[in-house]
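Following: one structure in structure tokens, then a few remarks.
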Amino acid sequence: MTQKVPQQERVFKTIGLSAVTLLMAILPELSWAGDVIGETQKQPTNWTAIGMFVVFVGVTLFITKWAASRTRSAADFYTAGGGITGFQNGLAIGGDYMSAASFLGISALVMSSGFDGLIYAIGFQVGWPLITFLLAERLRNLGRFTFADVVAYRLQQVPIRIFAASGTLVVVLFYLIAQMVGAGQLIKLLFGLDYIYAVIIVGALMMTYVLFGGMTATTWVQIIKACMLLGGATFMAFMVMFHYGFSPEKLFSAAVEVKKNSSIMGPGGFVKDPVSAVSLGMALMFGTAGLPHILMRFFTVPDAKEARKSVLWATTWIGYFYVLTFIIGFGAIVFVSANPQFLDEKGALLGGTNMAAVHLANAVGGNAFLGFMSAVAFATILAVVAGLTLSGASAVSHDLYSSAIKKGKATSEDELRVSKITTLFLGIIAIFLGIMAEKVNVAFMVGLAFAIAASANFPALFLSILWKGCTTKGAFIGGFIGLVSALVMTVLSDGVWVKVLHNADNSAPFPYASPAIFSIPLAFLCIWIISLLDRSGQAKKEREAFEDQKVRSETGLGAAKATSH
């Protein structure tokens, strides 16, 4: 055993270096363009924001030191030993889910498009009932560390683990690049730091949290960040509503007066055609139920009851947060868009449209509150990238190394070592790609991550749990078809074909904004047809094993227990 571990480490190093080399070859081919956050101008150093962020980092590093003393096994590293309560996990899921894109992006969309900006908030929100009633309890009862444990419960381990790890790593990679570019641009604007230093700081802290504290540290970083974000957003919304006597009608009327256009109170301004609107909604709804770093959180609680409680609390916090972003967006119309203090000489918002919430923080709370919300924005990115990195590391170490390569015979120590090596590689790759992609249009990357999660991970997970006829061949081939189709259609859409690859306007072969309305049914259809056509002996055994799986998924008999400390 001791002779083989270094060899496996060399394998993973080779894979990591190959990935870097491949991406180095691809990225220069992309046209440089302003990203969704906007290529920002470096601002004077904001010492208030830096001071508050240093305090946050100090507290979370202390928690990481405490968590490191409790992280003794793979179970501790991946899932905090299953010892997180439902309330804590609900807050942590909220922290994982309420990203900087949600906070800054949705409020900016509401400011620019009014009512239509809610399509993202509602799309993100409606995925949670699906998780609550169909997946949360079953995930906790069937899985240990990753969602692949659930899909592979009665199916063949190696092909399913390879598929699940592929889907996880593609989602994590695109999500990470978008977050790192966002971090660099935001911190350049908010803190006055150079882009490259901002990306390196985020990457270094992310690796520190995950390497030393594992899921315990990551969970507490997410909880603290969620409390800070909810507290800050609540204060902003309160101040906006206080100004209008807590009357939404007065706020909306004032916004219409500023915009000189009542159309902001109706739909149709943001997503032009109904197919794109439905497709985007499907990607956000079903993508939520397929995001690996969200699904992984259901293994951190002791039992299925706490898993359900997690979703209840997560839905509560996330729903409350999106109500706040709606108020903040309309508040930005009134307090920011018409205030010369926040506009440049051309009348555009300083730092780009996505800075609406940040400027509103300044308008309602002054420089000290601006510093606080700037630190919260940085903390938000840190919490999300830590969760993503842990998810990617678990896919490589648990799904590929332990289950596919070692056939389940790897020791906990070996698995933990591979996790930490993978964390280092993911961190270095994320920093490198974040720096490389400074001027790449990354607007499509988060959308693509959701589309792949919805088109690959979700169909395989859903059908393997709830349909007796699902087989290994169906899940493997159908899942990969969903993944590849979502990827190809996104590249052929206007968001990449025109805005990134700089082909002629209106030349995109795929005419819609999101591929989900086509790729999700395609994945389900392929899994269904291939499974029906599979008459092998292995397929027969898998169908016969469904009843045992159903009993465990609904009762929890035989489910993994929490680790005692």
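The values are calculated or read from the model by the stated rules, or taken from the named source; none is laboratory data. This one's a predicted model, so the numbers in the text were calculated from it and none came from an experiment. A quick note on method: Cβ atoms are made from the backbone with ideal geometry, for glycine too, and the neighbour counts reach across all protein chains shown. Protein only, heavy atoms only, side chains kept; ligands, DNA and RNA dropped before computing areas. Shrake-Rupley method; radii C 1.70, N 1.55, O 1.52, S 1.80 Å.
Computed from the Kirkwood radius of its Cα pairs, the Stokes-Einstein diffusion coefficient for segment 264-356 at 20 °C and 1.002 mPa s stands at 127 µm²/s. Accessible surface of M296, taken over heavy atoms with a 1.4 Å probe and every protein chain present, rounds to 10 Å².
From the Cα gyration tensor of segment 331-371, with a ≥ b ≥ c the square roots of its eigenvalues, which class applies: rounded if a/c is under 1.5, or else prolate if a/b is larger than b/c, or else oblate? Spell out each step's value before the answer.
Working: a/c = 1.82, a/b = 1.61, b/c = 1.13.
Prolate is the answer for segment 331-371, as a/c is 1.5 or above and a/b outweighs b/c.
Placing unit charges on the Cβ atoms of the charged side chains and taking the dipole of the chain about its Cα centre, the candidate lying farthest along the positive direction among G123, L483, S337 is L483. The calculated 222 nm mean residue ellipticity attributable to helices in the chain amounts to -22500 deg cm²/dmol, summing -39500 (n - 2.57) over DSSP H runs of n ≥ 4 and dividing by all residues. The order of V385, V271 by accessible area, most exposed first and with a 1.4 Å probe, is V271, V385.
Between amide H atoms placed 1.01 Å from N, distances below 5 Å from L343 occur with L350, all of them 5 or more places distant or on a separate chain. Considering only M355, Y512, L176, the residue lying farthest towards the positive end of the dipole of the chain is L176, judged by Cα position with unit charges set on Cβ.
When only alpha carbons are used to place a centre, segment 81-139 and segment 365-400 end up 15 Å from one another. The mean sequence separation of alpha-carbon pairs under 8 Å and at least six residues apart, normalised by the residue count of segment 428-558, gives a relative contact order of 30 percent. For the chain, relative contact order (Cα pairs under 8 Å, six or more residues apart, normalised by length) works out to 30 percent. Taking the Cα atoms of segment 260-419, the ratio Rg/Rh between the radius of gyration and the Kirkwood radius comes to 1.09.
Largest first, what is the accessible-area ranking of K65, K250, K309 with a 1.4 Å probe?
Numbers: K65 155, K250 125, K309 70 Å².
Ranking K65, K250, K309 by accessible area, largest first, yields K65, K250, K309.
Overall, the chain carries a charge dipole of about 1440 debye about its Cα centre when +1 sits on the Cβ of Lys and Arg and -1 on the Cβ of Asp and Glu, all other atoms neutral.
Amide H contacts under 5 Å for V440: A33, restricted to partners 5 or more places along the chain or on a different chain, H placed in the peptide plane at 1.01 Å from N. Remark: accessible surface ordering of D548, D494, D414 (largest first) is D548, D494, D414, probe radius 1.4 Å. The alpha-carbon of K65 sits under 22 angstrom from the alpha-carbons of these lysines, leaving out residues fewer than 8 places away in its chain: K225, K420. Computed over the alpha-carbon pairs of segment 480-565, the distance histogram in 5 Å steps reads 3, 12, 13, 11, 11, 11, 10, 8, 9, 7, 4, 1, 0 percent, short to long. V256 exposes around 40 Å² of accessible area when a 1.4 Å probe is run over every protein chain in place. With a length cut of 24 Å (Cα positions projected on each helix's long axis) and a Kyte-Doolittle mean of at least 0.5, go through the chain and give me the DSSP H helices that pass. Helices meeting the span and hydropathy rule in the chain are 4-26, 47-70, 157-190, 214-243, 304-335, 356-394, 412-436, 472-491, 516-533. Using a cutoff of 8 angstrom between alpha carbon atoms and counting only pairs six or more residues apart, the relative contact order for segment 321-411 works out to 17 percent.
Please label the shape of segment 344-472 as rounded, prolate or oblate, based on the square roots a ≥ b ≥ c of the eigenvalues of the alpha-carbon gyration tensor (a/c under 1.5 means rounded; beyond that, a/b larger than b/c means prolate, else oblate). It would help to have the intermediate numbers written out before the result.
Working: a/c = 2.66, a/b = 1.93, b/c = 1.38.
Prolate, because a/c is 1.5 or more and a/b exceeds b/c.
Would you please classify the overall shape of segment 96-140 from the alpha carbon gyration tensor, given that a ≥ b ≥ c denote the square roots of the eigenvalues, rounded means a/c under 1.5, and beyond that prolate means a/b larger than b/c while oblate covers the rest? The shape class here is oblate. Spherically averaged projected area of the convex hull of Cα atoms, the chain: 24.6 nm².
When the accessible area of the chain is computed with all protein chains present and a 1.4 Å probe, what percentage of it is carbon and sulfur? All intermediate terms of the calculation are to be shown ahead of the outcome.
Working: 14150 of 21450 Å².
Heavy-atom surface of the chain belonging to carbon and sulfur, 1.4 Å probe: 66 percent.
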